[in-house]
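Participant: Sharing a structure with you now.
The values are calculated or read from the model by the stated rules, or taken from the named source; none is laboratory data. Here the structure is a predicted model, which means the values were calculated and not measured. Counting neighbours? That spans all protein chains shown, and the Cβs are built from the backbone with ideal geometry, glycine included. Please note that ligands, DNA and RNA were not included when accessible areas were found on the heavy atoms of the full protein model with its side chains. Shrake-Rupley method; radii C 1.70, N 1.55, O 1.52, S 1.80 Å.
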Amino acid sequence: MPRAVFGYTRADKQGMAGLWAIELRRDIAAELRDLHTSMPGFRDMLAEKPLFAFGAAVDMKKTLAFLKKRADAISKSPYQCAFLREINEGAREMSEGLAQPMPPMLTDFRGALMVLNDVKMGLIPTGSGYVLIGTDQPQQWIDMAKGVSPQLAALDVKTNGKPVKVDLGLPGLNDLQVAAKNKWLGVSLGKKPTENMVKLIGTNPTDKVPLLVAAYALGKYFEMLGGLLGAVQQMDAAASAGTSVLQHLGKGLG
């Protein structure tokens, strides 16, 4: 990577946008370009103005093959510089590890998108958002989740795009929904996020999107911090009140 350039393409009261340009060897750049996959929601989620969002449109099977190829190349022709010996060792370990059979859930992974719309801090924090996972086998992910928690053991999610409510018995998560369709698995919290999630898993994107995307809203972030501070103050006040009551009870008993 002989050169990297960063710059802003927009900076106004609505927000900022920028990009990195990284120069690579032609063959490596071509291989990285081939790791992209199609992923819905990357462009649409910006219109939601989320508190935070992150997505990766990566074909994991091709990515593992790419890493194995590069690790093997370094092992075959290791760096001679003493400062780069750790890279040689890391490449050797990576090559050995990637030579082992990988679980289907990993090799079938085709990208993910996480959108956090908002968080309201209080004695019981609440929020809304959704997660979208691209996989050739969404049912395997559902079966794995059912084996992790007793509350999920009876979860019956069909790959028809219909959301199913999940009851984890946790305050603030009483509106959790799960749905699956095509090669997408979605989890959402909140009415509007569930609508967006159901819409996205029903799409069949064909265009390749950026490999990685991240977005955040500073205004919402500072609002969340203000709510967190208020929640801490409420807990401090409740703790002080509880201490005062205990002190009075102690004096009375004494």
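Participant: Residue 96 to residue 155: extension gain in nm, 0.36 nm per residue of separation minus the Cα-Cα distance?
Facilitator: 17.4 nm
Participant: Follow-up. Which entries of 146/191; 158/191; 120/165; 146/199; 62/199; 162/192 show an alpha-carbon separation above 26 angstrom in the structure shown? Before the final figure, lay out each step's value.
Facilitator: Details: 146/191 23 Å; 158/191 20 Å; 120/165 22 Å; 146/199 24 Å; 62/199 28 Å; 162/192 15 Å.
Violating the 26 Å limit, Cα to Cα: 62/199.
Participant: How much length, in nm to one decimal, is gained on full extension between residue 175 and residue 33, taken as 0.36 nm per residue of separation minus their Cα-Cα distance?
Facilitator: 47.3 nm
Participant: Take 192, 13 and sort them by solvent-accessible surface of the protein heavy atoms, 1.4 Å probe, largest at the top. Could you put the intermediate results ahead of the total?
Facilitator: Values: 192 125, 13 190 Å².
From most exposed to least exposed: 13, 192.
Participant: Could you give the nm distance between label points at residue 140 and residue 216, where each point is 7 Å from its Cα heading toward the beta carbon?
Facilitator: Once both label points are built, they end up 3.3 nm from each other.
Participant: What is the gain in length, in nm to one decimal, between residue 62 and residue 105 on full extension, counting 0.36 nm per residue of separation less the C-alpha to C-alpha distance?
Facilitator: Here the segment from residue 62 to residue 105 would lengthen by 14.1 nm.
Participant: Further question: Less than 19 Å apart at the alpha-carbon level, and either on another chain or at least 8 residues along: which lysines does that give for residue 13?
Facilitator: 49, 220
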